[in-house]
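Working notes, structure below.
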Amino acid sequence: MFDHPIPRVFQNRFSTQYRCFSVSMLAGPNDRSDVEKGGKIIMPPSALDQLSRLNITYPMLFKLTNKNSDRMTHCGVLEFVADEGICYLPHWMMQNLLLEEGGLVQVESVNLQVATYSKFQPQSPDFLDITNPKAVLENALRNFACLTTGDVIAINYNEKIYELRVMETKPDKAVSIIECDMNVDFDAPLGYKEPERSAQHEESADVETDHSGYVSDIGFRAFSGSGNRLDGKKKGVEPSPSPIKPGDIRRGIPNYDFKIGRITFIRNSRPLVKKVEEDESGSRFIAFSGEGQSLRKKGRKP
């Protein structure tokens, strides 16, 4: 009835349907939380038997399809220890496929090109709190076998789950990341807003500064008070303070003559102690240092 042989490409293709469950439903005493941290699934032993009979390429990569929602993704395989007719998927992968517990998923073996570039978008601004996000992502992607454009992957860091959307992959929309040299780029996180710069700070730089508030920080100023007249009039009693000298300003007052691009070095030379003491001794007041005068002139007695 069939005169021509079936093409080899169809003979080497693995395609079957499984009922999928999350890893938390996997029976056994051991905790398999490591499966949730990656992009690999657990399949039944019969799948390994069928794959061993086919001339497929390694590493084993699969295409998962939910025909009800027309959603698809790609993954690798971690172990073949699931019950027959069942496969276990990470929770984030079931969310991408819009699958519920016990839903049907189509599993097909595929060959993917090696990745050269990928771009991710964090789904929360909290991802910016990580000191070195590229190193964290590189360490997390070691548990993944492939990436698919449009998927939202989940990585675990410091006991916190971070979700990242795969925005772009090269050279294809689905690529293998096993033993590859891939350039990674990040897009702005979802919901991130650039911090607004305060316009008041820029306006204050253009307006001349009022130095009247610094008068209290200046030393003694002569004739800075107001006077009173005997006749009670207020005319001519306004204070007329003497002008401020640069030496009267205490150290710590801002330099109001500062100009952008100009640096002023202020060096206060300390006077010698001996010279100061000599100058002060010459002008210091000494009590009873004058000469007295007598009304009676001193003379010899006859």
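The values are calculated or read from the model by the stated rules, or taken from the named source; none is laboratory data. For clarity, every value in this text was computed on a predicted model and none was experimentally measured. Positions of Cβ are backbone-derived with ideal geometry, glycine not excepted, and every protein chain shown enters the neighbour counts. All accessible areas refer to the heavy atoms of the entire protein, side chains included, with ligands and DNA or RNA removed. Shrake-Rupley method; radii C 1.70, N 1.55, O 1.52, S 1.80 Å.
For segment 36-58, enumerate the residues that are farther than 16 Å from L141 by Cα and either under 37 Å from the mean Cα position of the chain (by Cα) or among the aromatic types (F, W, Y) (or both). Correct list: I42, Y58. The residues on offer are E196, E84, and the sole one that is open to solvent by 50 Å² or more (accessible area, probe 1.4 Å) and in contact with a helix residue (DSSP H, G or I) (Cβ under 7 Å, 6 or more places away or on another chain) is E84.
Among residues of segment 70-84 that are within 20 Å of Y58 (Cβ to Cβ), those with a beta-carbon under 7 Å from a residue that is open to solvent by 70 Å² or more (accessible area, probe 1.4 Å) and not small (G, A, S) at least six positions away or on a different chain give the pairs F80/L48. If you go through segment 96-125 and keep only what is exposed (fewer than 15 other Cβ atoms within 10 Å of the Cβ) and without any contact (Cβ under 8 Å) to a residue 60 or more places away in the chain, you end up with L98, E100, N111.
Taking the residues in segment 24-57 that are at pLDDT 85 or above and of a type in the set (A, V, I, L, M, F, W, C) as candidates, determine which candidate is most open to solvent (accessible area, probe 1.4 Å). The selected residue is L48.
Screening segment 132-178 for residues that are of a type in the set (D, E) and either closer than 18 Å to I41 by Cβ or in contact (Cβ under 8 Å) with a residue 24 or more places away in the chain (or both) and picking the one that is surrounded by the most Cβ atoms within 10 Å (Cβ to Cβ) gives D151. Would it be correct to say that S198 is under 30 Å from D129 (Cα atoms), at pLDDT 90 or above and of a type in the set (S, T, Y)? The answer is no for S198. Looking at segment 58-81, can you tell me whether even one residue there is over 23 Å from D34 (Cβ atoms), modelled with pLDDT under 90 and assigned to a helix (DSSP H, G or I)? No, because not a single residue in segment 58-81 is over 23 Å from D34 (Cβ atoms), modelled with pLDDT under 90 and assigned to a helix (DSSP H, G or I).
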